[in-house]
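This report refers to the structure that appears directly beneath it.
The values are calculated or read from the model by the stated rules, or taken from the named source; none is laboratory data. Everything numeric here is computed off the predicted structure, so don't read it as measured data. Reconstructed Cβ throughout: ideal geometry from the backbone, glycine too, with neighbour counts over all protein chains shown. For accessibility, only protein heavy atoms count, side chains too; no ligands or nucleic acids. Shrake-Rupley method; radii C 1.70, N 1.55, O 1.52, S 1.80 Å.
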Amino acid sequence: MRLDRFLANQGFGSRSEVQKLIKKGFVKVNDKEVKDPSIHIDPLKDKVSVEDEDVNYQENFYFMLNKPLGYITATYDENFPTVISLLDDETVKDKLFPIGRLDLDTEGLLILTTDGQLAHRLAHPKWNIEKEYYAIVEGDVSKIDFSPFEKEGIYLKKDKYKTKPFKVKVLSALEEESKVLITVSEGKYHIVKKIMESLGHPVKYLKRVRMGNLKLDENLQPGDYRPLTEEEIRKLKSLVKLD
C-alpha cells in the first residue's frame with residue numbers, strides 16, 4: 001500500500017494533507033525518514049511513525065445498515081438512540097461513523113465505516129455521488145413535467161437556493177398520494193423534502209435505496225446490517241478514485 005494512502009486511511013488527513021506531512025520529513029518508515037509519499041509499505045510488517053509517534057495499523061471496516069425510523073445518524077446523542085447503537089460488536093462499533101446523514105424520520109441505506117478517506121470523498125460535493133430515494137408524497141404528481149429539472153434543477157424560494165439537477169421517476173400516482181423515485185447528487189439538509197414541498201407535494205415517507213453504485217440489500221429489515229462485500233467496497237472506492 002502507498003504510504004500516503006496508508007496514513008490517510010488511518011485518519012491523518014486527506015491524501016494531499018498527508019503528502020505535505022511526508023515531504024516535510026515528519027514521517028519515518030522502519031525508523032528512517034522518508035519524503036516520498038508514493039513508496040509502498042506493508043502495513044502488517046513495516047513500522048510507521050508520524051512525528052515520532054508510532055502508527056498502529058487498524059484494519060478498516062465497512063457495513064451496510066438499513067436505518068429504521070426513530071434513530072439519529074450520529075455516533076452519540078443525548079435525546080435519541082443513534083444508528084451506532086444498532087450494532088452488536090462493541091469493539092468495532094466505537095470506531096465506526098456514518099457516511100452522510102439520514103433524518104430521524106427517514107429510513108434506508110446507510111454506510112458505516114472506519115475509513116475516513118472514503119467517507120470524506122463520498123460526502124464531498126466534488127464527486128457528485130448520486131443518492132436515490134423512494135418517496136411517498138401527498139397528491140397526484142402525474143401532471144408535473146419533471147424533465148426540465150434534470151438539466152436545470154429547481155429554485156427553492158424559501159431557501160433562496162437553486163438545487164443541482166435531479167431526476168424523478170413516477171411509480172404510481174393517485175389523487176391522495178403518489179410514489180416516486182427521486183435521485184439527487186447533493187447532500188443539502190432536507191433536500192428531497194424541500195424539492196417535493198416546493199412542487200406542492202410534501203413527503204409523507206422517505207427511504208434511501210441507493211448511494212452511488214451501492215443498492216440497499218432487500219434482505220435487510222429495518223435495523224439490520226451486514227458487512228460490505230469486497231466487490232461492493234471496490235465499487236465504492238472506484239467512484240472516488242481510491243482503488
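Observations, loosely collected:
- FRET efficiency, residue 157 to residue 101 (Cβ-Cβ, R0 30 Å, nearest 0.05): 0.80
- Per residue, the chain exposes 56 Å² of solvent-accessible protein surface, assessed with a 1.4 angstrom probe and all protein chains in place.
- Pairs beyond 26 Å (Cα-Cα), from 47/126; 164/193; 20/164; 162/204; 160/215; 95/160: 47/126; 20/164; 160/215; 95/160
- Using the Cβ of residue 173 as centre and a radius below 11 Å, the other residues enclosed give a net charge of -2, where K and R count +1 and D and E count -1.
- Within a straight-line Cα-Cα reach of under 17 Å, residue 28 can be paired with the following aspartates and glutamates, leaving aside sequence neighbours fewer than 8 residues apart in one chain: 4, 17, 36, 42, 46, 51, 52, 53, 54.
- Stretchable slack from residue 85 to residue 230, in nm (0.36 nm times residue separation minus alpha-carbon distance): 49.7 nm
- Near the amide H of residue 55, within less than 5 Å, lie the amide hydrogens of 48, 49, 50, all on another chain or at least 5 residues away, with H placed in the peptide plane.
- In straight-distance terms, cross-link reach from residue 235 covers every one of the aspartates and glutamates whose alpha-carbon lies under 13 Å from its own, apart from those fewer than eight places away in the same chain; here that gives 243.
- The overall shape of segment 1-47, judged from the alpha-carbon gyration tensor, is oblate: a/c is not under 1.5, and a/b is no greater than b/c.
- GNM remark for the chain: springs join alpha carbons under 10 Å apart, and the peak mean-square fluctuation among 130, 107, 53 falls on 53.
- Other residues with beta-carbon under 15 Å from the beta-carbon of residue 10 carry, at +1 per Lys or Arg and -1 per Asp or Glu, a net charge of -3.
- The distance separating the Cα centre of segment 1-52 from that of segment 207-237 comes to 31 Å.
- Nearest-0.05 FRET efficiency for residue 92 and residue 40, computed from C-beta distance (R0 30 Å): 0.65
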